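Undergrad: I'd like to ask you about the structure that follows.
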Amino acid sequence: MVRRSVLDKIFKEMLSIRYRLDDLEKNVSNWNPKPVEISDGKLLLLPDHLRKSYLTVLSKGECNATDVSNLTGRCRAVESNYLNQLARMGWLNKRRVTKTITFRAVPEIMENAAAIKTSSKENFEIV
């Protein structure tokens, strides 16, 4: 038989966990990501299929391939491929949250990628 004192300790610990979770939830619910400002010229550097996925991530702030596929109407595997392409190109930052990979737009990385791409186009112009 379990002693009453052990049950009381477990109950108190569960209450403290609940209060900490409530604090975390309150902090996360108040988090509003700053809108990313990007010019139309930089967006035109992306192909249409990648642009649609990128704009969806921008509108949500941070999301995974399933969220994007639900909004774009495309297959999750296709969206996962597109999001990974955008991450490799430097337009998105990705991180693992438990078993899922989430994607988020990073303005600094995005601007660097656009600058590299436009400078490489300028180097190959024929006069």
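The values are calculated or read from the model by the stated rules, or taken from the named source; none is laboratory data. Given the structure is predicted, the values throughout are model-derived calculations rather than measurements. Virtual Cβ from ideal backbone geometry, glycine too; neighbours counted across all protein chains shown.
Undergrad: Going by the structure shown, is S53 modelled with pLDDT under 90 and in contact with a Leu (Cβ under 9 Å, 6 or more places away or on another chain)?
TA: Numbers: modelled with pLDDT under 90: no; in contact with a Leu (Cβ under 9 Å, 6 or more places away or on another chain): yes.
No: the conditions fail for S53.
Undergrad: If I ask for residues that are farther than 14 Å from A105 by Cβ and of a type in the set (V, I, T), which ones from segment 44-89 would you list?
TA: If the condition is that a residue be farther than 14 Å from A105 by Cβ and of a type in the set (V, I, T), then T66, T72, V78 are the ones that fit.
Undergrad: Please pick out the residue among L46, L58 that is crowded, with 17+ Cβ neighbours inside 10 Å and more than 15 Å from the chain's Cα centre (by Cα).
TA: On the way: L58 fails: more than 15 Å from the chain's Cα centre (by Cα).
L46 is the lone residue from the list that is crowded, with 17+ Cβ neighbours inside 10 Å and more than 15 Å from the chain's Cα centre (by Cα).
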